[in-house]
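The values are calculated or read from the model by the stated rules, or taken from the named source; none is laboratory data. Small disclaimer: the values here were computed from a predicted structure and weren't measured. Cβ placement follows ideal geometry from the backbone for every residue including glycine, while neighbour counts extend to all protein chains displayed. Side chains included, ligands, DNA and RNA excluded: accessible areas come from the protein's heavy atoms. Shrake-Rupley method; radii C 1.70, N 1.55, O 1.52, S 1.80 Å.
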Amino acid sequence: MPTYHAIQWLDGTLRLIDQRVLPHTFTHIDYHDYREVAAAIRDMVVRGAPAIGITAGYGMALAARRSTAADIVTLRSDLADAAVVLRQARPTAVNLFWALDRVLKRAADPTLTTLEALRATVLDEAHAIYAFEEASNFQIGQNALPLVPDGAKIIHHCNTGPLATGEYGTALRVIIAAHEAGKRVHAYVDETRPRLQGARLTAWELQQHGVPHTVIVDGAAAHIMRTVGIDLCVVGCDRIAANGDTANKIGTYGLSLAARAHGVPFYVVGPTSTIDFDLPSGDDIPIEERAQEEVTRIGDVQITPDGVIAANPAFDVTPAAYITAIITERGVVYPPFAENLAALKT
Ligand code: MRU
């Protein structure tokens, strides 16, 4: 078992693996200020919906720790300010807002009357968010096992491993758990333009776990389904609307269409922290638009002619109709999603 941890809390310091430079450089960055944490999320030092939520929780812990407030009212106000800054880091993954709301709710507890108690509670909630994701991820792998046949060839998009979630992973956990259970699985890893989370991070994580895999360009997925024969697709999620429509890394929607055309089961995999029960449909999910340079350049090298305009939506929405099932820690949810997801609401 690999021993890397994307997110660590080390006695008042938040330590993140710098995912921008993997796989060739494995290095950490330490954070002490919530504003720097917001920048780390925006710049994708840390990325992946659950990992973004966990990191934001620790960003709040740093805000509580570093606040110079002399009374509890001021400390709560400082926390509210920090949450505003952290909320602006990235718009699509609902885990960011879910985590911040959890911390703010705990912080509002009227029985907390001292600065020390409030600071300790905020940190405790950040740890609880991490623990929730860790336990959920593990359970997701267990819940998915019956859906993965021995010998399965599986297409995976983006990166959804331990790097994206804190521990274990979600869609990638499905593949890793099947491998650990002794099933002979082979992962086809979408490279995932433009940030190459598949080629850089998923391939690295599958190497760490010893899972057989092949990297493919995104445009090869349909061809591989037709020629090699794919048994299932697994993808993560950044926000699942109440009707099951799912936002995930750009290219997920197209993959779902190819899967439908070839009769391949298409599974969305994620913890219930990624379900936005307040959002009726995927049409309402905010889609992050990132810098054009992520498309026009690879690393430092410009690949397009000067002056080219590029569009760079970082996510797309897969309509619920193209999703076979949603695998959560609370079970595998099948259509009708509106009804069956609502049953998960606590
Ligand atoms: O832009 P990213 O790298 O944060 O996008 C990540 C994804 O789209 C993942 O599939 C999703 O967050 C789920 S991570 C378990």
Solvent-accessible surface ranking, highest first, for Phe315, Phe132 at 1.4 angstrom: Phe132, Phe315
Order of exposure, largest accessible area first, which applies to His28, His157, His223 with probe 1.4 Å: His223, His28, His157
FRET efficiency for Val85 and Thr227, using Cβ-Cβ distance with R0 set to 41 Å, rounded to 0.05: 0.25
Other-chain or far-sequence residues with amide H under 5 Å of Ala325's (modelled H): Phe266, Val268
Distance-filtered residues of region 173-202 - backbone nitrogen under 17 Å, label point 7 angstrom along Thr214 Cα→Cβ: 184-192, 199
Region 242-346 - percent relative contact order, Cα under 8 Å, separation 6 or more: 44
Positive-end residue of Ile129, Ile323, Ser67, charge dipole of the chain with Cβ unit charges: Ile323
Asp238 accessible area, assembled protein chains, probe 1.4 Å, Å²: 10
Separation in nanometres of the label points that stand 7 Å from Cα toward Cβ, at Asp11 and Phe138: 2.7
Relative contact order (percent, whole number), the chain, Cα cutoff 8 Å, 6+ residue spacing: 16
Gain on full stretching of the segment that runs from Ala311 to Ile72 - 0.36 nm per residue minus C-alpha separation: 81.5 nm
Axial C-alpha extent at least 24 Å, average Kyte-Doolittle at least 0.5 - helices from the chain (DSSP): 49-66
Lysines with Cα under 20 Å of Lys153, excluding same-chain neighbours fewer than 8 positions away: Lys183
Solvent accessible area, Å² - Arg76, 1.4 Å probe, full protein context: 70
Among Ala320, Ala291, Ala40: highest mean-square fluctuation, GNM of the chain, C-alpha pairs under 10 Å: Ala291
Global form of the chain, assessed from the alpha-carbon gyration tensor, a/c cut-off 1.5: prolate
Relative contact order [Cα under 8 Å, 6+ residues apart], region 146-342, whole percent: 20
Cα gyration tensor shape of region 260-346, rounded if a/c is under 1.5, else prolate or oblate by comparing a/b with b/c: prolate
The chain: most fluctuating residue of Pro305, Pro23, Pro271 per GNM, C-alpha cutoff 10 Å: Pro305
HN-Hα J in Hz across region 192-198 - Karplus 6.51, -1.76, 1.60, θ = phi - 60°, x for Gly and Pro: 6, 5, x, 8, 6, 4, x
Nearest-10 value in Å² for the accessible area of Val84, using the 1.4 Å probe: 80
Helix-only CD estimate at 222 nm, as mean residue ellipticity for the chain, using -39500 (n - 2.57) per DSSP H run (n ≥ 4): -12000 deg cm²/dmol
DSSP-defined antiparallel bridges as percent of all bridges, the chain, nearest 5: 50
Unit charges on C-beta of K, R, D, E only; dipole of the chain, Debye: 500
Gaussian network model of the chain, Cα within-10 Å springs - most flexible of Ile298, Ile216, Ile41: Ile298
Electrostatic dipole magnitude of region 7-138 [Cβ: Lys, Arg +1; Asp, Glu -1; Cα centre; debye, to 20]: 320
Signed unit charges on C-beta, dipole axis of region 7-138, positive-most listed residue Thr92, Phe26, Ala120: Thr92
For region 126-216: rounded, prolate or oblate by the Cα gyration tensor [a/c cutoff 1.5]: oblate
Accessible surface of the chain [probe 1.4 Å, protein heavy atoms]: carbon and sulfur percent: 54
